[in-house]
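Below: the structure, in structure tokens.
Derivation of every value follows stated rules applied to the coordinates shown; laboratory data play no part. In this text, all values refer to a predicted model and were calculated from it rather than measured experimentally. All Cβ positions, glycine included, derive from the backbone under ideal geometry; neighbour counts span all protein chains shown.
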Amino acid sequence: IFINTMDYKGQQLCEYIYYFLAIIFGSVSWIIGYIQSDFQITFYGWAIGLALSIILCIPDWPMYNRNKVIWLDEVGLEKAQSNNKKSKKNKKE
């Protein structure tokens, strides 16, 4: 199974896309619905923006994985235990 995780900058981009779509679609549909005196237009415009943002933000698209997170190497259990023993000896002295 190929698992791809979104990096931190990808999460930020996803959030910006969601905010942009929600505000633009909501504002435009509210203005058109107000002019037409029809709440249904406002709701459908908002729903289209929501559906588009779900399609763009929920899947882990490759555009969200451009900045790979580099993790530190794993510290072995033996090394961690030896460091623990050394620190305990230093505290006793």
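Express in % the proportion of alpha carbon pairs of the range 1-47 at distances exceeding 17 Å.
That tail contains 50 percent of the Cα-Cα pairs.
When only DSSP loop residues count, what trypsin sites (Lys or Arg not before Pro) in the range 1-68 have their Cβ near at most 15 other Cβ atoms within 10 Å?
Here the trypsin sites (Lys or Arg not before Pro) that fit, given the DSSP loop and packing criteria, are Arg66, Lys68.
Semi-axes of the range 26-77's equivalent ellipsoid from the Cα gyration tensor, sqrt of 5 times each eigenvalue, largest first, rounded to whole Å?
Working through the eigenvalues yields semi-axes of 44, 9, 9 Å.
Tell me the label-point distance for the pair Phe20, Leu72, using the 7 Å Cα-to-Cβ offset, in nm and rounded to one decimal.
Spacing of the two 7 Å Cα→Cβ label points: 3.6 nm.
For Gln36 paired with Lys9, estimate the spin-label separation in nm (one decimal), with each label point 7 Å from Cα along the Cα-to-Cβ line.
According to this spin-label approximation, the distance is 4.1 nm.
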